[in-house]
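Chemist: Sharing a structure, written as structure tokens. Questions coming.
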Amino acid sequence: MIASAILTLALLHLLVWLNQRRQWAHLFFSIAAIAVAVIAGMEFMGMRAASIEQMSTLLRWCHLPFLVIWVAIAFFVRFHFGTGRLWLAWTVCGLRTLALILSFTTGQNLFFREITRLKHVAIFGGETISIPQGVLNPWYVIGPLSTLALIVFVVDASVTHYRRGTDTGRRAFIISGSITLFLLASVAHAALVNTGMINSPYLASLSFMPIIIAMSYELSYDVLRSAQLAQRLQASEAGLRTSEQRMDLAMSAAELALWEWDIVHDEIWSTDKGRTLFGIARTERISFNLFLNSLYAEDREPVRLAVDKSLAGGGDYEGEYRVVLPDEQIRWFATRSHIEFNKLGLPLRMYGVSIDISRRKQAEVDAQKQRYELAHLSRVTMLGELSGALAHQLNQPLAAILSNAQAALRFLAPDAEALNEVRNILEDIVADDKRASDVIQRLRLLLRKDEVQSQPVDVNKVVRKVLKLVHGDLANRNMVANIDLAAQLPAIIGDRVLLQQVLLNLIMNGCEAAAHVEAVEHRQLYIHTLWNGDAVQVSVCDRGRGIAIDDMEHIFEPFFTTKPKGMGLGLSICRTIINAHNGQLWAVNNADCGASFYFTLPSYQGESA
Ligand code: ADP
């Protein structure tokens, strides 16, 4: 019964050891238990020994399992407590080996020099057992000595273990207490049997059983505890995962990237969100250069310099930069980071957070644009006021010129022949003067109320009139105007004077664009009218230097000019006039050279021109 119970325990712990090979205590426990089971078997055979020879052989050989038990217990304790003096353990092994050798070399066995007879004793249940009697072997003391060494070793190991304070001492007490108590009991009992003082079979296995149970209890406690630990670890791992998930969620919501740069190995770790924000694949290895290359070209050098400064001990790095994503999209990031240095002051690690601030940046750009537009608006308002003031101030002198010129004409009337030339000039002055005041009046009306006079206008006539007006200018500038006017052009509704002004502006701009061009074939203007099915379209093409791409969207804005003495108002006023006529004004660069300005005017559906 003892053997089977102990073998079951041995098997269990052997299985544990097979699964966890580093748990040597389980292996030594199993070896000790198996040896105890062997002892139990031998004791059983001893009880039934029929001859002295049989009994003597058993008593000789039983020292082999004893050796195994002693060695196994010593190493069990050493591995279980992780302590114990090795020399003491080897002393135990030595003494026990000596006992085994002496058992074969002195007398019949280590207990008896000679067994003289077998005593048959009746025990309960009517069974009779054999007990040896004879002359004791003096070398017998080696056995108890080895037991004493083992007890010293175990107690010493337990005390050291207890002093380490890794647990309450309960374990040390259970192991060392049971080993000491029951080993002493087994030695004492064997001595009593051998000396014939008691009539009992050998019962060493019975004494070893509590030791084996205590050892097994301790080991099982360990197994149980590691299972509990694993469970707790699992629970805390799950907790960790949950908090990691929460953190991920928060970082995603905040568009936040968490990263760490191992400076020594030049490797950057980043959260998945960070990789997504920076447009870097999950598996791609990130180095500092890869990060720099992902930046907007203009931001690379400043970021590199700022990081270098921080690495050289210039404090934590903080900055804003743009990242170009694989789909060419640009994102703004703000970064804050901290650098860890080793004892020699060399940078080891840099870690920090980067947050996507594209939306804020866009808002800033929008606000800037709005401020700019607002400034423009106030200048445009100012323009209205300015034109009002101009009209007011100019009207009076213009009126004076007019009355003077008219008076001169009246004086000149009788002597028509001689002074024809002077009359022509004065008539021109009158016409110009009237036109000037017309222009001022109507511009003022338009700018103030955004409305134009509505009369049917023949656009071809407007073109001819303007060319007549600028004839002198063109000649002075050495410019040639080529016109191509549509034969059947419907009339449009609008203000003749303002439309003349638009054309005048466009022609003068064309002349100015060609001002620096020497080649005669480039000093040409082409004015073209046509009916496009919906509206009358007028174009003014020059062969000048054309419009710079970047300027294209600004040329119609008030106060935009590229000319040293320009006011930048001409095109803006032209557009205001054309818009007031429900038409459109735009510009394109010609394929070869120069620019073309086009405007359309919806036709007047009634009378044809
Ligand atoms: P300004 O003539 O006082 O500069 P405008 O509003 O008439 O003001 O013109 C604005 C700008 O548009 C000019 O400064 C010039 O850069 C550009 N521009 C206008 N017309 C032409 C043209 N025909 N060719 C090239 N650039 C032109």
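Quick note: the coordinates plus some simple rules give every number you see, no bench work behind them. Computed from a prediction, not measured in an experiment: that's the story for all the values here. Quick reminder, even Gly has a Cβ in these numbers, built from the backbone with ideal geometry, and neighbours come from all protein chains shown.
Chemist: Over region 98-180, what is the relative contact order in whole percent, taking alpha-carbon pairs under 8 Å and six or more residues apart?
Modeler: Working: 87 pairs, mean separation 17.9, N = 83.
Reported relative contact order: 22 percent.
Chemist: How big is the gap, in Å, between the Cα center of region 541-566 and the Cα center of region 120-150?
Modeler: After rounding, the separation between the Cα centres reads 123 Å.
Chemist: In terms of the Cα gyration tensor, with a ≥ b ≥ c the square roots of its eigenvalues, is region 31-97 rounded because a/c is under 1.5, prolate because a/b exceeds b/c, or oblate?
Modeler: Numbers: a/c = 5.94, a/b = 2.30, b/c = 2.58.
In terms of gyration-tensor shape, oblate.
Chemist: Roughly how many nanometres apart are two label points built 7 Å out from the Cα toward the Cβ at Asn589 and Arg410?
Modeler: 5.9 nm
Chemist: Charges only on Cβ, +1 for Lys and Arg, -1 for Asp and Glu: so what's the dipole of the chain about the Cα centre, in debye to the nearest 20? Each step should come with its number before you reach the end.
Modeler: Working: 56 positive and 58 negative charges, 717 e Å.
Charge dipole of the chain: 3440 debye, to the nearest 20.
Chemist: Rounded to the nearest 0.05, what FRET efficiency is calculated for Glu260 and His471 with R0 set to 56 Å and r the Cβ-Cβ distance?
Modeler: Values: r = 77 Å, r/R0 = 1.38.
According to the calculation, E is roughly 0.15.
Chemist: Let me ask you something else. Rounded to the nearest 500, what is the 222 nm mean residue ellipticity of the chain from helices alone, with -39500 (n - 2.57) per DSSP H run of 4+ residues and division by all residues? Display every interim value, and only then the final one.
Modeler: Details: 16 runs with 347 residues, N = 609.
Estimated from H runs of four or more residues: -20000 deg cm²/dmol.
Chemist: For the residue pair Gln362 and Asp308, what label-to-label distance in nm results when each label sits 7 Å from Cα along the Cα-to-beta-carbon direction?
Modeler: Each label point is offset 7 Å from its Cα along the Cβ direction, giving 3.5 nm.
Chemist: With unit charges on the beta carbon (Lys/Arg positive, Asp/Glu negative), name the residue among Phe153, Leu86, Gly533 whose Cα is farthest towards the positive pole of the charge dipole of the chain.
Modeler: Phe153
Chemist: Cα-Cα over 23 Å: which of Lys434/Lys465; Lys309/Lys361; Lys369/Lys565; Lys434/Lys468?
Modeler: Working: Lys434/Lys465 15 Å; Lys309/Lys361 26 Å; Lys369/Lys565 26 Å; Lys434/Lys468 16 Å.
Result: Lys309/Lys361; Lys369/Lys565 exceed 23 Å.
Chemist: Please report, ordered by residue number, every helix of the chain (full DSSP H runs) that is 30 Å or longer along its axis going by C-alpha atoms and whose mean Kyte-Doolittle hydropathy reaches 1.0. Provide the component values of the computation, followed by the final result.
Modeler: On the way: long enough: 24-47 (35 Å, 1.73); 142-164 (33 Å, 0.94); 170-194 (35 Å, 1.30); 204-253 (73 Å, 0.16); 358-412 (77 Å, -0.23); 420-449 (43 Å, -0.46).
Result, helices passing both filters: 24-47, 170-194.
Chemist: Rounded, prolate or oblate, given the Cα gyration tensor of region 71-151, with a/c below 1.5 counting as rounded? Let's see the in-between values first.
Modeler: Working: a/c = 4.10, a/b = 1.78, b/c = 2.30.
Cα axes put region 71-151 in the oblate bin.
Chemist: For the ranges 292-300, 485-493, what's the packing order if you count other beta-carbon atoms within 10 Å of each residue, average per peptide, and put the highest first?
Modeler: Numbers: 292-300: 14.3, 485-493: 16.6.
Ranked from most to least packed, the peptides come out as 485-493, 292-300.
Chemist: Shifting gears a bit: For Arg113 and Ile198, compute 0.36 nm times the residue count separating them, minus their Cα-Cα distance, and round to one decimal in nm. Mind showing how you got there, number by number?
Modeler: Values: separation 85, 0.36 × 85 = 30.60 nm, distance 1.95 nm.
Gain on stretching Arg113 to Ile198: 28.6 nm.
Chemist: Okay, next question. Calculate the FRET efficiency for Ala235 and Met567 from the Cβ-Cβ distance with a Förster distance of 60 Å, rounded to the nearest 0.05. Walk me through the numbers on the way to the answer.
Modeler: Working: r = 78 Å, r/R0 = 1.31.
Step by step, r from the Cβ atoms, then E = 0.15.
Chemist: Here's another thing I want to ask about it. I'd like to know which of Gly583, Gly126, Asn478 lies farthest towards the positive end of the charge dipole of the chain, counting +1 on Cβ of Lys and Arg and -1 on Cβ of Asp and Glu.
Modeler: Most positive-ward Cα: Gly126.
Chemist: Order of 553-563, 320-330 by packing, highest average Cβ count within 10 Å first? It would help to have the intermediate numbers written out before the result.
Modeler: Details: 553-563: 15.5, 320-330: 13.5.
So the peptides 553-563, 320-330, ranked by packing, come out 553-563, 320-330.
Chemist: Can you put Met567, Met55 in order, fewest other beta carbons within 10 Å first?
Modeler: Values: Met567 12, Met55 27.
The fewest-first ordering by Cβ neighbours comes to Met567, Met55.
Chemist: For Asp428 and Met552 in the same chain, what is the full-extension length gain: residue separation times 0.36 nm, less their Cα-Cα distance, in nm?
Modeler: Extending this stretch completely gives an extra 40.8 nm.
Chemist: Once R0 is set to 41 Å, what does the formula 1/(1 + (r/R0)^6) return for the Cβ-Cβ distance between Trp90 and Thr242, expressed as a FRET efficiency to the nearest 0.05? Don't skip to the answer; put the middle values down first.
Modeler: Numbers: r = 53 Å, r/R0 = 1.29.
Rounded to the nearest 0.05, the efficiency is 0.20.
Chemist: A further question follows. Suppose each label sits 7 Å from its Cα in the direction of the beta carbon; what would the Asn579-Val520 distance come out to in nanometres?
Modeler: Result for the modelled spin labels: 4.4 nm.
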